[in-house]
Amino acid sequence: MYRIGDIEIYLFNDAVTSFDPGGLFGLVPRALWSRHYPADERHLVKAANHNLLIRSGQCNIIVDTGYGNCATASQRKHSHMTAMDGTHKGLAALGIAPADINIVLDTHLHDDHCTGNFRRDADGARKPAFPNAEYLVQRREYEDASAPNERTRATYSAKNFASLYNSGQMHLLDGDAEIAPGVRAQLTPGHTPGHMSVRIESGGQQAAFLCDLASLAIHFERLAWMTAYDVEPLVTLETKRIWQRWALETKALLVFPHDLLMPAGRLSQTESGRLKIQPVDLSADNLADA
């Protein structure tokens, strides 16, 4: 657990995966990214799938749901998944039942961030993973995910969100919104046009779950470094520029969704003016086995 003022945050690693570095690093040459993230003998780079539990007052908020126990055989094979369902394991370790979650915030609807919106029961039926929660996502993201094009259709699956919306359990946001006291959803476009991050503020302290605005810590350090999955890469660059200034001014804790080596850190500036993420330990007790 890590505390931001009166707000508690818990980090869960929902799954451990391995990917071709061309996806994670896009145009960045191997000679550069390999100094920071080693590839294995298969030429793959390991990645995390971090989700957050935020406790603000009496409100329990889950930010992103990962794969949960609903990853298909194809997804497990494609992502070389070696661990899964870490969010529910983490909640159980804290004595928190799925029914105790009040809000689920989907930063975007790519399958690695929202397949866990549902859960398979003992009979294999898929049901909402958090039965009493209000699910929230940006309207633009929902619309794009509901009508994907040739570039995006491999990353969106309507079974992860459509029935939640149709049943009234999922509601759509139109821009920035306060989710609970001290917890704010903010548009951070680029990875997708409707992508959002989560900002936390309490007791004069600040934090942000950046999600795929910066999938890895080094993506936030370096404006030009981003994934090949970003739909609008130049928008990502300018969004990061704004958030870099905010992170330096506030000394905010930053949480990265896919970084196994540095799940969280703070942005600092060296005497030469170079930006650098300094790691922060969010307590290994709250990380699923990696």
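Taking the fewest neighbouring Cβ atoms within 10 Å as the starting point, the ordered list for W246, W33 is W246, W33. Summarising the amide proton neighbourhood of H171: residues at separation of 5 or more, or on other chains, whose placed amide H is nearer than 5 Å comprise Y135, L136, V137. Using just its DSSP H runs of length 4 or more, each adding -39500 (n - 2.57), the chain gives a mean residue ellipticity at 222 nm of -5500 deg cm²/dmol after division by all residues.
Label sites at D174 and R153, each approximated as a point 7 angstrom past Cα along Cα to Cβ, lie 3.0 nm apart. Semi-axes of the equivalent ellipsoid for region 203-250, computed as √(5λ) from the eigenvalues of its C-alpha gyration tensor and ordered from largest down, come to 21, 11, 9 Å. Comparing mean-square fluctuations of L254, L173, L105 from a GNM of the chain with C-alpha springs under 10 Å, the top value falls on L173. Secondary structure note: in the chain, about 75% of the DSSP beta bridges are antiparallel.
For Cα pairs less than 8 Å apart in space and 6+ apart in sequence, what is the mean separation divided by the residue count of region 28-106, i.e. the relative contact order in percent?
Computed value for region 28-106: 30 percent relative contact order.
Among S268, S167, S215, S56, sorting on how many other beta-carbon atoms sit within 10 Å of each Cβ, with the fewest leading, yields S167, S268, S56, S215. Based on C-alpha pairs under 8 angstrom that are at least 6 apart in sequence, region 2-286 has a relative contact order of 18 percent.
Projecting the Cα positions of L172, T227, A185 onto the charge dipole of region 2-286 (unit charges on Cβ atoms of Lys, Arg, Asp and Glu, taken about the Cα centre) puts T227 furthest along the positive direction. For region 192-290, applying the loop criterion from DSSP together with a ceiling of 16 other beta carbons within 10 Å to the GluC sites (Glu not before Pro) yields E271.
Computed over the chain with a Gaussian network model linking Cα atoms closer than 10 Å, the most mobile of G203, G86, G22 is G203. Packing-based ranking of 227-234, 135-142, 180-187 yields 135-142, 180-187, 227-234, ordered from highest to lowest mean Cβ neighbour count within 10 Å.
Computed over every Cα-Cα pair of the chain and binned at 5 Å starting from 0, the pair-distance distribution P(r) comes out as 1, 5, 13, 18, 21, 19, 13, 7, 3, 1, 0, 0 percent.
For Cα pairs less than 8 Å apart in space and 6+ apart in sequence, what is the mean separation divided by the residue count of region 137-230, i.e. the relative contact order in percent?
20 percent
In the elastic network of the chain, a GNM with C-alpha springs shorter than 10 Å, the most mobile of L216, L275, L52 is L275. On the basis of the beta-carbon distance and an R0 of 41 Å, S268 and D123 show a calculated FRET efficiency of 0.20. Rounded, prolate or oblate: which fits region 142-192 when a ≥ b ≥ c are the square roots of the eigenvalues of the alpha-carbon gyration tensor, with rounded for a/c under 1.5 and prolate only if a/b beats b/c? Oblate is the answer for region 142-192, as a/c is 1.5 or above yet b/c matches or exceeds a/b. Taking 0.36 nm per residue of separation and subtracting the current Cα-Cα distance, fully stretching the chain between A97 and A83 would add 3.0 nm.
Exposure proxy for C59, C114: other Cβ atoms within 10 Å of each Cβ, ordered fewest to most, give C59, C114. Evaluated over the chain, the count of Lys pairs having alpha-carbon atoms less than 18 Å apart is 6 (only pairs 8 or more residues apart or interchain). Rounded to the nearest 20 debye, the dipole size of the chain about its Cα centre is 460 debye, using +1 on the Cβ of Lys and Arg and -1 on the Cβ of Asp and Glu.
Every read-out reported here was derived from the displayed coordinates using simple, explicitly stated rules and does not represent laboratory data. All values reported here derive from a predicted model rather than from experimental measurement. A quick note on method: Cβ atoms are made from the backbone with ideal geometry, for glycine too, and the neighbour counts reach across all protein chains shown.
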